[in-house]
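Asks: Dropping a structure here in structure tokens format, bear with me for questions.
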Amino acid sequence: MNSLLALLGDMLALGAAFSAAYTIRKFLFVSRDLPFQLEGHLRLLVVGVPIFIVSFYHFGLYRNFPALPLVEGLGRLIKALLCALLSLTLLIFWLKYQYTSRIFLVLFCVFCYLFIIGVRMGLRGLARRIQPQRKNDVFNVLIVGDDERSKDIAEAIEEHHHLGLHLLGQVRNGGPLWEGHSVRVLGTLPDFARVVQDHVVDAVVFTGPYTRISAAREALAYCLKTGIRVFLDANPFEESMGPMVMGEVAGVNLITFADTALSDEQLFMKRCVDLALSSALLILFSPVIIVASALIKLFCAPGPVLFRQERIGMSGRRFTAYKFRTMVKDAENMKAQLLPMNEMDGPVFKIYNDPRVTRLGRFLRRTSIDELPQLFNVLMGHMSIVGPRPPLPEEVGRYELWQRRRLSVKPGLTCLWQVRGRNRLDFDTWMKMDMEYIDNWSWLMDFKILIRTVPAMFRGQ
């Protein structure tokens, strides 16, 4: 979220820089022979803003914001501006603009630098004063270890709460508590699985001497099987435990294992795409949403238009999912009587001809119109456009260990299961498809799933 704010701030600063450069060029550097034309330079702004944003992204100005040291950030900003200015100049020659003011370009870059510094310093100050309060706004970290290094990492996490980091507590690994210990102890190594299942855990940091980290091997393997990100203070293992990269959290250098195909930068870009696409789809389908709401109110049994249900999201977060109501009133209370009719294996409950579904509800389900309100869940950050479907809490409680890894990514409106057979597939195949998506994610895969979702909706699959 901090990176998204930085992106929006940069776009605002670019617009302000254009306005300031235009005003000064027009009224202070007047030339009768070469009149300054706004229209041509506005076209430069339209094509120039993406160039500047891509350059900023390339030089890491959205990575670890606002933790990036100020001096390093200013240096990167200068490089990014020079690169963007060079690219914009080449574009001007390529597009053969008849007249472009060099004074305007220089002023534009100067004001970009000043305004972006101002906006970013303001955002840095705001971020350092506001600690996220909502559960969905924080990145929950669990520490396994009890040596002095654990103390250093715990203190670093607590000092950087403005980044959205939250220290859940500590799982002890057989060593003595450090002096002045104040971190909440959630258990010992034998309790690790219970601790993780009882809390929302986004990442686990393993610390300590090689011998003690090796003793936590089962806990580390549990994290990798369930998709929880792992950070190691060092690499004591001879064989590879999965994709490994060097990284840092709160200024502490760590080795991380992440059994997922999405990097932090890709997650950020995926969130940007989700915001843009969900907003566009809500506008596009607003007539359908209005008509569906009216039909449910007029022709269905008394009750609300929207059906609200608690679902499980990324890392076990609970959220309220929204759908159009397709069943009769008190349908949830009738579920126990219909359990013998369940047509799905595993923990999922589905009946092809569910007697609780209304006539209108069957149409809404066949066309997936009933799921359009979940676009609001995407806007709120609970879900993504493409990703495994969000499960119910009771379903997650019955998952096998390997199946819990589907919680390592945000749930989505559509995924491979939706376009490869939907209800005709058994539960085990469904879960394997979700793992296939997690392990092989790419922009092309998301695009293909979206393209195949449209005909699947019209065929009523």
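Asks: Could you say whether any residue in region 61-79 is modelled with pLDDT of 80 or more and more than 16 Å from A6 (Cα to Cα)?
Replies: Yes, there is a match, as at least one residue in region 61-79 is modelled with pLDDT of 80 or more and more than 16 Å from A6 (Cα to Cα).
Asks: Of the numbered conditions (1) in a helix (DSSP H, G or I); (2) in contact with a strand residue (DSSP E or B) (Cβ under 9 Å, 6 or more places away or on another chain), T320 satisfies every one except a single condition; which is it?
Replies: Condition (1) is where T320 drops out.
Asks: Could you look through region 419-435, keep only residues that are closer than 21 Å to S368 by Cα and out of contact with any helix residue (DSSP H, G or I) (no Cβ under 6 Å at 6 or more places or on another chain), and pick out the one that is modelled with the highest pLDDT?
Replies: Only one residue tops the list, namely F427.
Asks: Take the residues in region 159-187 that are hydrophobic (A, V, I, L, M, F, W, C) and in a loop (DSSP other than H, G, I, E, B); name whichever of them is modelled with the lowest pLDDT. Give the steps one after another, and end with the answer.
Replies: Residues of region 159-187 hydrophobic (A, V, I, L, M, F, W, C): 163, 165, 167-168, 171, 177-178, 183, 185-186.
Keeping just the survivors that are in a loop (DSSP other than H, G, I, E, B) gives 177-178, 183.
Working: L177: 68, W178: 65, V183: 83.
Among residues in region 159-187 that are hydrophobic (A, V, I, L, M, F, W, C) and in a loop (DSSP other than H, G, I, E, B), the one modelled with the lowest pLDDT is W178.
Asks: I'm trying to understand the selection: among the residues of region 381-411, which are outside any helix (DSSP H, G or I), touching a helix residue (DSSP H, G or I) at 6+ places or on another chain (Cβ under 8 Å) and surrounded by 23 or more Cβ atoms within 10 Å (Cβ to Cβ)?
Replies: M383, S384, I385, V386, G387, P388, V409, K410, P411
Asks: Since L220 meets every condition but one in (1) within 30 Å of E394 (Cβ to Cβ); (2) modelled with pLDDT of 90 or more, which condition does it not meet?
Replies: In the conditions (1) within 30 Å of E394 (Cβ to Cβ); (2) modelled with pLDDT of 90 or more, L220 misses (2) alone.
Asks: Of F285, F324, which residue is of a type in the set (F, W, Y) and without any contact (Cβ under 8 Å) to a residue 60 or more places away in the chain? Working first, answer last.
Replies: Numbers: F285 fails: without any contact (Cβ under 8 Å) to a residue 60 or more places away in the chain.
Residue meeting the stated conditions: F324.
Asks: Specify which of the listed residues (A156, A127) is within 25 Å of the chain's Cα centre (by Cα), in a helix (DSSP H, G or I), small (G, A, S) and modelled with pLDDT under 80. Steps first, please.
Replies: On the way: A156 fails: modelled with pLDDT under 80.
Matching residue, one of A156, A127: A127.
Asks: Going through region 288-317 one residue at a time, which ones are assigned to a strand (DSSP E or B), closer than 16 Å to M380 by Cβ and either in contact (Cβ under 8 Å) with a residue 40 or more places away in the chain or not basic (K, R) (or both)? Before you say what the answer is, go through the steps one by one.
Replies: Looking only at region 288-317, we keep the residues that are assigned to a strand (DSSP E or B), and these are 306-312.
Pick out the ones that are also closer than 16 Å to M380 by Cβ and you get 306, 308-312.
Within region 288-317, L306, Q309, E310, R311, I312 qualify.
The values are calculated or read from the model by the stated rules, or taken from the named source; none is laboratory data. Here the structure is a predicted model, which is why all the values come from computation and not from measurement. Don't worry about glycine lacking a Cβ; one is built from the backbone with ideal geometry, like all the others, and counts go over all protein chains shown.
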